[in-house]
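Q: Before anything else, here's the structure in question.
The values are calculated or read from the model by the stated rules, or taken from the named source; none is laboratory data. Source: prediction; values computed, not measured. Glycine also receives a Cβ, built like all others from the backbone with ideal geometry; neighbour counts cover every protein chain displayed.
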């Protein structure tokens, strides 16, 4: 979907900008390409720069509740330093690379309700206008897909996805927010946990997988949260028994005992392909609530062909329209 508008800050007769992304989804750390199409206005204009900004709709938790806002998480200058003559048309190709921690927005073409965009900024003679905003589609990396498929084979279902403003302490997180994929428990774990949240923190050399369990209380214990971190590599995905590996992760997570003081326990465990994690916690001091992502229902037969197999969208939420209407970068503090 392309959103083109007259550059209002330049007045009537100013140039217009229309960014067209190459069709198809990209991946975290992958390349994003396309063209920026410019059309000259009623006079000549000096183009200072053309920049692309990656933005995301993010939730932020506060003592008095939650808020939502638009957060910019990367920026690229793709052109500038030339004169655009009246009525002239010019097309500038670009290729940029996404941050490795860019959230995924879809699995096998099924949208997750995550809203990402590419915003184009045109600067003309000192005046700037964000003249175009396009939806960004991001598919998972092979290792991310393998892990999610393993959860599906184990009987976990997909609940929702959201972006949380803040940082997970003790990790190598780079962006000012992180993605949570909320999974409903497999039958063999339903007695122990209400849900498990998965966060991927990818980097060039590998990926941290943060698992958080909302554990059920027992007869003499209260429910509590447990959080662990694992590290995996990008190579050799096809040679790993991911089902057995992920099942081992979950067993270690749910077997954590409730702390005596009733506070959440945050433990780290050995990574099968990496290093031992540091003790850490969510730096905002509490875990997130239900996500704003599109809820996806799962059939009773489970997910025989992966996390998305057999799923249908339970809600069709057109959040991208609200994204553009609320494009003010507010609400993330």
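Q: Among the residues in region 99-107, are any over 22 Å from residue 77 (Cα atoms), at pLDDT below 95 and either in contact with a helix residue (DSSP H, G or I) (Cβ under 8 Å, 6 or more places away or on another chain) or not assigned by TED's automatic domain parsing to the domain that holds residue 232 (or both)?
A: Among the residues of region 99-107, at least one is over 22 Å from residue 77 (Cα atoms), at pLDDT below 95 and either in contact with a helix residue (DSSP H, G or I) (Cβ under 8 Å, 6 or more places away or on another chain) or not assigned by TED's automatic domain parsing to the domain that holds residue 232 (or both), which makes the answer yes.
Q: Among the residues in region 63-84, are any part of a loop (DSSP other than H, G, I, E, B) and either in contact (Cβ under 8 Å) with a residue 12 or more places away in the chain or in contact with a helix residue (DSSP H, G or I) (Cβ under 8 Å, 6 or more places away or on another chain) (or both)? Walk me through how you get there before you give the answer.
A: Going through region 63-84, the residues part of a loop (DSSP other than H, G, I, E, B) turn out to be 63-64, 80-81.
Add one more test, that the residue is either in contact (Cβ under 8 Å) with a residue 12 or more places away in the chain or in contact with a helix residue (DSSP H, G or I) (Cβ under 8 Å, 6 or more places away or on another chain) (or both), and what stays is 80-81.
Yes, that holds for at least one residue.
Q: How many of the residues in region 131-165 are in a strand (DSSP E or B) and either surrounded by fewer than 19 Cβ atoms within 10 Å (Cβ to Cβ) or without any contact (Cβ under 8 Å) to a residue 24 or more places away in the chain (or both)?
A: Total meeting the criteria: 1.
Q: Pairs needed: first member in region 243-260, assigned by TED's automatic domain parsing to the domain that holds residue 230; second member anywhere, in a loop (DSSP other than H, G, I, E, B) and modelled with pLDDT of 80 or more; C-beta distance under 7 Å; at least 6 residues apart or different chains.
A: 243/154; 246/154; 247/154; 254/192
Q: Counting only residues that are at pLDDT below 90 and more than 15 Å from residue 128 (Cα to Cα), which one in region 14-42 is surrounded by the fewest Cβ atoms within 10 Å (Cβ to Cβ)?
A: 42
Q: Can you tell which of 234, 270 is in a loop (DSSP other than H, G, I, E, B), at pLDDT 90 or above and assigned by TED's automatic domain parsing to the domain that holds residue 147?
A: 234
Q: Scan region 66-76 for residues that are more than 19 Å from residue 135 (Cα to Cα) and either surrounded by fewer than 15 Cβ atoms within 10 Å (Cβ to Cβ) or not assigned by TED's automatic domain parsing to the domain that holds residue 49 (or both) and jot them down.
A: none
Q: Quick check on my filter: what residues within region 187-208 are touching a strand residue (DSSP E or B) at 6+ places or on another chain (Cβ under 9 Å), surrounded by fewer than 21 Cβ atoms within 10 Å (Cβ to Cβ) and at pLDDT 95 or above?
A: Across region 187-208, the qualifying residue is only 206.
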